[in-house]
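Visitor: The structure that follows is given in the form of structure tokens.
Bear in mind these aren't lab numbers, they're just calculated from the coordinates by the rules spelled out. Quantities reported herein were computed from a predicted structural model and do not represent experimental measurements. Because the Cβ atoms are built from the backbone with ideal geometry, glycine has one as well, and the counts that use them run over all protein chains shown.
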């Protein structure tokens with residue numbers, strides 16, 4: 001009988017080195033250490049280029065000291081907060097002990113993308129909020145996210161990249177559709193289990209939102225590429241420029257031997273507000289703006305793809321994508337980079353860190369304001385946005401106070417570029433090719449929430465195509481769960497065949 | 001990889017390519033397009049699939065050299081590879097037996113019209129095709145169109161071939177002469193606008209295929225949005241074909257100019 005995750009954690013925790021490490025420093029000394037501060041490139045310096053990563057990472061000394069804050073709890077609650085259930089105390093204690101490569105190897109047991117997660121996960125809402133320090137002591141939690149990034153970066157920079165163990169091939173072919181975090185996480189787990197895994201991507205680059213969406217200053221492409229290389233080295237195959245259902249049908253792929261499919265095609269379709277003037281030139285979705293810059297490198301002189309460089313840029317929305325867009329505009333030379341959000345700062349869904357960084361970089365916040373119309377200049381380009389000022393009313397279904405218009409409080413801002421970042425809808429391309437797949441009324445794929453299995457048994461799904469718009473790590477959690485359950489489904493199916 | 005197996009100059013600025021793409025050749029339908037990219041710094045450009053040969057595993061593309069990216073493509077030769085090619089994208093044309101179909105093609109728009117004319121003819125329709133070009137040298141695919149049309153009328157702006165006049169003049173003559181059940185028009189946006197106005201007058205259901213700006217072509221960016229019947233639609237996934245009488249062509253014409261400043265600048269720099 002295989003050990004449960006908890007039993008495995010306990011077994012690891014009971015190892016002699018862990019026990020000794022726990023005893024080596026009294027807890028009262030551990031809790032008196034202040035949480036480490038991430039070194040950042042100064043705002044005036046970093047806004048000069050799209051390619052300067054804001055956070056510099058921890059030094060080994062900083063990392064070890066931070067890791068020594070962790071009390072290695074007997075019942076670690078941090079793990080409960082992690083969508084991919086990383087054995088957090090184990091990797092943190094490896095860092096404290098100076099076994100940095102072991103820390104990285106631990107991360108890779110659970111996550112296909114540790115260097116990515118260490119940068120873009122909202123740890124403050126997940127593992128860190130569940131940390132004993134935050135829960136019981138009202139102190140700053142252990143900086144689990146910084147430590148994750150440290151371990152992954154250390155391994156990469158050491159040149160001693162370890163390939164996780166892969167089971168012997170079982171000869172069963174499975175496909176992942178889309179190459180974003182959900183699919184990559186799925187692929188990483190399935191390849192470890194011995195499957196032959198192919199990841200199909202419609203674009204000319206692998207990585208999905210990690211490449212076209214998240215900007216270089218938050219997640220350098222080179223970091224993503226190393227994680228992709230790891231998956232390739234483990235045996236995952238990648239097919240670019242391939243729209244499953246179009247380039248080849250699902251039946252064609254079944255004929256080629258694919259037995260099961262994981263749909264991680266993401267939330268493609270950008271939402272608009274359907275207000276007058278939204279189709280003027282100079283009004284675009286954050287997807288378009290970020291894709292032009294991040295995927296097509298349109299901000300670089302040698303790229304053939306153009307991008308509009310606004311001097312007065314208004315970004316509409318309050319999420320991480322809105323922050324990415326407005327901070328990109330700042331780096332691309334906007335004199336005024338403005339964020340328009342209909343609620344107040346407290347309700348912003350963006351990570352606290354992103355909001356802080358945006359503010360430091362000189363982004364102007366226009367909170368409690370909602371665009372109602374875009375106005376054009378004589379050339380038909382956007383020149384103004386009309387804003388309805390708002391106030392906060394009663395809480396709505398999301399628990400946040402609902403913004404309501406203040407009657408008569410309407411004003412205008414001069415702009416030359418507007419970027420709409422108010423969310424996305426699921427990409428219809430894949431579901432349209434699959435009759436019999438049950439969809440929700442939000443056009444997401446309906447799945448069993450435990451198993452991620454869709455209404456067609458050999459199809460599993462996860463990430464934004466199921467959630468409608470979530471985070472990298474939630475998508476990765478879905479990928480993991482889908483992999484575990486697809487494995488179960490296929491094992492039973494093949495056992496039946498043999499029996 | 002997608003190797004160019006055949007290249008033919010159709011007119012001064014229009015080139016035909018036959019490209020290896022076995023899966024797309026098999027799966028494409030009339031009305032579908034591909035997105036391609038030349039070089040690692042290349043732009044993603046949409047092109048309608050003109051024809052395919054399943055046995056040879058090839059598709060036919062026709063491109064007009066109008067800018068930096070189409071220029072790069074036109075410089076490629078037989079044996080060269082296209083860096084990235086993805087498809088088939090977009091909804092396929094609704095091919096059915098309508099009766100008499102009037103097919104209107106202008107300039108390089110004759111290329112995407114070709115597979116539809118072929119399919120409409122094969123579906124048992126009477127197909128009357130009106131082809132228009134600025135002059136004789138710019139007219140493409142006339143022979144191919146004759147193969148699948150019951151009648152072909154050629155119009156040129158300068159009268160150097162066929163009859164002098166616009167595509168709408170040839171079209172109106174047909175409409176006045178006989179009952180037309182359906183119309184499909186593909187060409188420059190301004191031409192499609194006037195074709196739509198004409199057929200609206202005669203209440204003939206009309207489809208057009210739009211050539212909006214696109215980046216990904218898979219529904220992700222929204223650069224291709226167009227107002228149809230008062231609603232915003234995405235040309236790449238909701239189209240590229242729409243009911244011509246419901247399109248806000250004036251908005252579309254403006255949106256085609258969205259990057260004009262940037263494109264002019266790029267063209268001048270590369271000269």
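Visitor: So how much slack lies between residue A:275 and residue A:136, counting 0.36 nm per residue of separation and subtracting their Cα-Cα distance, in nm?
Guide: 45.3 nm
Visitor: Let me ask something additional. Could you work out, residue by residue across B:208-221, how many beta carbons of other chains sit within 10 Å of that residue's beta carbon, and then give the average as an integer? Write down the numbers at each step before the final one.
Guide: Numbers: counts 0, 0, 0, 0, 0, 3, 1, 11, 10, 3, 12, 12, 18, 14.
Average neighbour count from other chains, rounded to a whole number: 6.
Visitor: Please list, by residue number, everything in the stretch B:170-185 whose backbone N is under 12 Å from a paramagnetic label point 7 Å out along Cα→Cβ of residue B:197.
Guide: Nothing falls inside the zone, counting backbone N under 12 Å.
Visitor: For peptide A:423-436, compute the average count of partner chain beta-carbon atoms within 10 Å of each residue's beta-carbon. List each step's numbers first, then the result.
Guide: Numbers: counts 0, 3, 1, 1, 4, 5, 6, 1, 0, 3, 0, 0, 0, 0.
Mean partner shielding for this stretch: 2.
Visitor: Take A:464, A:29 and order them by how many other Cβ atoms sit within 10 Å, fewest up front.
Guide: Final ranking by Cβ density, sparse to dense: A:29, A:464.
Visitor: Rounded to the nearest 0.05, what FRET efficiency do residue A:432 and residue A:8 have when you use their Cβ-Cβ distance and R0 = 51 Å?
Guide: 0.75
Visitor: I would also like to ask the following. Could you tell me the calculated FRET efficiency between residue B:164 and residue B:76, based on Cβ-Cβ distance and R0 = 45 angstrom, to the nearest 0.05?
Guide: E between residue B:164 and residue B:76, to the nearest 0.05, is 0.80.
Visitor: Just how far, in whole angstrom, is the stretch A:279-304 from the stretch B:116-136 if you go by their alpha carbon centroids?
Guide: Using only Cα atoms, the two centres lie 37 Å from each other.
Visitor: Find the relative contact order for chain A and round it to a whole percent, using C-alpha pairs within less than 8 Å whose residues are 6+ positions apart.
Guide: Reported as a whole number, the value is 14 percent.
Visitor: Given an 8 Å cut-off on Cα distances and at least 6 residues of separation, report the relative contact order of the stretch A:274-420 as a percent.
Guide: Details: 316 pairs, mean separation 41.2, N = 147.
About 28 percent, as a whole number.
Visitor: Only residues of the stretch A:127-154 count here: report those whose backbone N is under 20 Å from the spot 7 Å along Cα→Cβ of residue A:75, or say none.
Guide: Under 20 Å, as judged by backbone N against the label point of residue A:75, lie A:127-139, A:142 of the stretch A:127-154.
Visitor: Across the residues of A:64-77, average count of Cβ atoms on other protein chains within 10 Å?
Guide: Counting Cβ atoms of other protein chains within 10 Å of each residue's Cβ and averaging gives 0.
Visitor: Could I have the simple spin-label model distance between residue A:379 and residue A:225, label points 7 Å from Cα toward Cβ, reported in nm to one decimal?
Guide: 3.5
Visitor: Something else now. Tell me the label-point distance for the pair residue A:52, residue A:125, using the 7 Å Cα-to-Cβ offset, in nm and rounded to one decimal.
Guide: That separation, rounded to one decimal, is 2.9 nm.
Visitor: Between B:200, B:16, B:254, which gets the highest mean-square fluctuation from a Gaussian network model of chain B, Cα cutoff 10 Å?
Guide: Greatest mean-square fluctuation among the candidates belongs to B:254.
Visitor: Summing -39500 (n - 2.57) over the DSSP H runs of n ≥ 4 in the protein assembly as shown and dividing by its residue number, what mean residue ellipticity at 222 nm do you reach, to the nearest 500 deg cm²/dmol?
Guide: About -9500 deg cm²/dmol.
Visitor: Additional query: If a/c stays under 1.5 just call it rounded; otherwise compare a/b with b/c (prolate if a/b is bigger, oblate if not). Do that for the stretch A:5-158, with a ≥ b ≥ c from the square roots of the Cα gyration tensor eigenvalues. Walk me through the intermediate numbers first.
Guide: Working: a/c = 1.67, a/b = 1.48, b/c = 1.13.
Prolate shape, in that a/c is at least 1.5 and a/b is the bigger ratio.
Visitor: Still on this structure, please answer the following. Of B:113, B:36, B:76, which is the most mobile in a GNM of chain B whose springs link Cα atoms less than 10 angstrom apart?
Guide: Maximum fluctuation in the GNM of chain B, among the listed residues, is at B:76.
Visitor: Taking every DSSP beta bridge with both residues inside the protein assembly as shown, roughly what % is antiparallel (nearest 5)?
Guide: 50
Visitor: Given 0.36 nm per residue, what is the gain on full extension from residue A:356 to residue A:162 after removing their alpha carbon distance, in nm?
Guide: 66.3 nm
Visitor: Please tell me the relative contact order of the stretch B:56-148 in percent, rounded to the nearest whole number, where contacts are Cα pairs under 8 Å and at least six residues apart.
Guide: 25
Visitor: Applying 1/(1 + (r/R0)^6) with R0 = 35 Å to the Cβ-Cβ distance of residue A:488 and residue A:397, what FRET efficiency is obtained, to the nearest 0.05?
Guide: Efficiency computed from Cβ-Cβ geometry: 0.50.
Visitor: Apply the a/c threshold of 1.5 to the C-alpha gyration tensor of chain B and tell me whether it is rounded, prolate or oblate.
Guide: On the way: a/c = 1.44, a/b = 1.31, b/c = 1.10.
Rounded, since a/c falls under 1.5.
Visitor: Taking the number of other C-beta atoms within 10 Å as the exposure measure, put A:288, B:262 in order starting with the fewest.
Guide: Taking fewest neighbouring Cβ atoms as first place, the list is B:262, A:288.
Visitor: Moving to a separate point now. Going by average Cβ neighbours within 10 Å, how do the peptides A:385-391, A:108-114 rank, with the highest at the top? Intermediate values should be presented prior to the final figure.
Guide: Values: A:385-391: 19.3, A:108-114: 25.7.
By packing density, highest mean first, the sequence is A:108-114, A:385-391.
Visitor: Given the options B:156, B:93, B:218, which has the most mean-square fluctuation in a GNM of chain B, springs set between C-alpha atoms less than 10 angstrom apart?
Guide: B:218
Visitor: Only bridges with both residues in the stretch A:242-396 count here: give the DSSP antiparallel percent, nearest 5.
Guide: Bridges in the stretch A:242-396 are about 40 percent antiparallel.
Visitor: Order by neighbour count: A:249, A:454, A:286, A:435, fewest other Cβ atoms within 10 Å first, most last.
Guide: Starting with the residue having the fewest Cβ neighbours, the order is A:435, A:249, A:454, A:286.
Visitor: Using only the alpha-carbon atoms, how far is helix B:260-270 inclined from the longest principal axis of chain B? Give it as 0 to 90 degrees, nearest 10.
Guide: Computed tilt is about 50 degrees.
Visitor: Going by the alpha-carbon gyration tensor, a ≥ b ≥ c the square roots of its eigenvalues, is chain A rounded (a/c under 1.5) or, if a/c is not under 1.5, prolate (a/b greater than b/c) versus oblate? Before the final figure, lay out each step's value.
Guide: Details: a/c = 1.79, a/b = 1.22, b/c = 1.47.
Taking the square roots of the gyration eigenvalues as a ≥ b ≥ c, chain A is oblate.
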